[in-house]
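Report on the structure given below.
Derivation of every value follows stated rules applied to the coordinates shown; laboratory data play no part. No experiment lies behind these values; they were computed from the predicted model shown. When we count neighbours, we look across all protein chains shown, and the Cβ atoms used for this are built from the backbone with ideal geometry, even at glycine.
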């Protein structure tokens, strides 16, 4: 039934919607048919794709394998190319090295040769680096190639023949690495170049010499010994470069051996130019057999040469050693090399010094021992600085031991010297003429030299060191002057006791007094105004020696001449007792007795008595003349009536005879010369020291006054 739309709007809308739904149904049916068709086509496509995927799967695997193989091949090619480049560089450097070696052999000019030698060293360093690079790069190349061979074998990306050829290549490369690289380093041109550098190193070291060593010793005006410059900057640079190259090529031991032997040889030859033949004698027994003059000269030379060896030769060697080997092993090795060079040289000097210190302790050796000790003390700062560090510890230790030996030897010589004087070990009787004993002269001059400025400080320092050994370093130290004064005072006391011992052996009292007067006056005058006298003090010298000499002079006059004069005095006493009738006979008898005693005394003075000191002799002569002549003149005048004056000597004759025995009648006119002990000391007394007053102090009044004349002996 058809519905009219215009009659009802709602109905019209419903009809329209129904019409639209019909269209939608028809369209859906059409779309469903299209979808079914598409589904069939898609199923067919999926089936085709599945079949295609199955066909291309092997190609995918092959692509992945090829990509992995390409990566491994590239990783193997990079180190192989670097290895080939290193081989090419090595070959070019070897050709250059041969060219430089030829030029170096033909070059005769020293400076040009050194410059070419530096280029040669540079080329050796480069070749060593190239060979080292080959060794470093060869192993990675082998490892990468081995990875490729293993990958091909595992993946079968290549055929069997190719895999076999690759395996053979790998084996060849391994053999090259194991044999050829080591041969290039140790048996090839590099090894030959290193041998050439060792020869050049030794030759150049031997060229560096210590110049003007002999002139340094002969120069008396030399204030300070300075090290010499060994080699030019270019020579030192070449040596430094060669040493570094040898060290970098595992030749450190060879380098050190060459350096030590070469520089020791050159240093020893430099010192041999000083002609140190004395160093061949170093055993204490051999030193004891040497003549003293020869030993004295040898010790003086030892002092000079020891200082020269340290300050010039060894300090120069230390500087050179540091310059050449300072960069080897971060500077650890050069101190040991320097110590090896120095040890052989120092050992020769040490053993001579030790031999001297251990030899017999003769008195004359003291001053040379002090010279040696003083030289070591002055040298100690330089020595310590030169051999600082652990490497030089043994040499410094031996230096200190030598100082200890010298201290011990010096003190022992001094104390034994005092004991010898104390024990009168000269083995000689007292002088028959009353002169000063040789032992006393020797001892006084000995002590004078010891107290002089040249030796007093050294001797005092030795005593202080010895005291510190005995009492310990914590003990309160005594002053140097006090130590030296006490030590010398002990020897002076030993001298005095020695004199007293000899004095007791005289039977002639007059001669005994002459001996004491001569000896004590000699000691006082020899020390007056000197460093020895100042050290001991004027009061000490006066009390111990001058006063004793004056008293002995008084006793000599009293016993020798006073007895003769009293022969004349006794005449008056006898005449006073009433013998006027026999006055002439008594006077003549007494006068004859006087002349006889006078003549005997003249003979004694001419033959037995001696007063060597001219000033002392003049003063004794004047005092004797004042004692004898006035008494003789008075006697002649008093008895001129009973005596025939012409029959007897005149007063002038008596005075002349006295003048003869005191002016020229003595058998000895001087004290003689003393032995030499040290550094240029004057052996003679100065005029102002010898010409001193000789006066008898008031102490002689205690012994009684002579009623005829004063016995004072004053300055002439």
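Of note:
- Summary of packing: across the peptides 113-123, 89-99, the per-residue average of other C-beta atoms within 10 Å ranks them, highest first, as 113-123, 89-99.
- Between residue 261 and residue 289, the simple spin-label model (points 7 angstrom out along Cα→Cβ) gives 3.5 nm.
- Note on residue 412 and residue 129: with the Förster distance fixed at 56 Å, the Cβ-Cβ geometry gives a FRET efficiency of about 0.30.
- Extension gain, residue 650-residue 608: 0.36 nm per intervening residue step, less the Cα-Cα distance, totals 12.5 nm.
- Our estimate of slack between residue 486 and residue 569, defined as 0.36 nm per intervening residue step minus the Cα-Cα distance, is 24.8 nm.
- Label separation (residue 192 vs residue 503): 9.6 nm, computed from points 7 Å beyond Cα along the C-beta direction.
- Take every pair of alpha-carbon atoms less than 8 Å apart whose residues are at least six positions apart; their mean separation over the length of segment 199-355 yields a relative contact order of 36 percent.
- Additional length obtainable on full extension of the chain from residue 269 to residue 542, 0.36 nm per residue less Cα span: 92.5 nm
- Over segment 512-551: Rg over Rh, Cα atoms, Kirkwood Rh: 0.99
- Ranked by how many other beta carbons lie within 10 Å on average, peptides 617-630, 479-492 from highest: 617-630, 479-492
- Ranked by how many other beta carbons lie within 10 Å on average, peptides 299-310, 591-602 from highest: 299-310, 591-602
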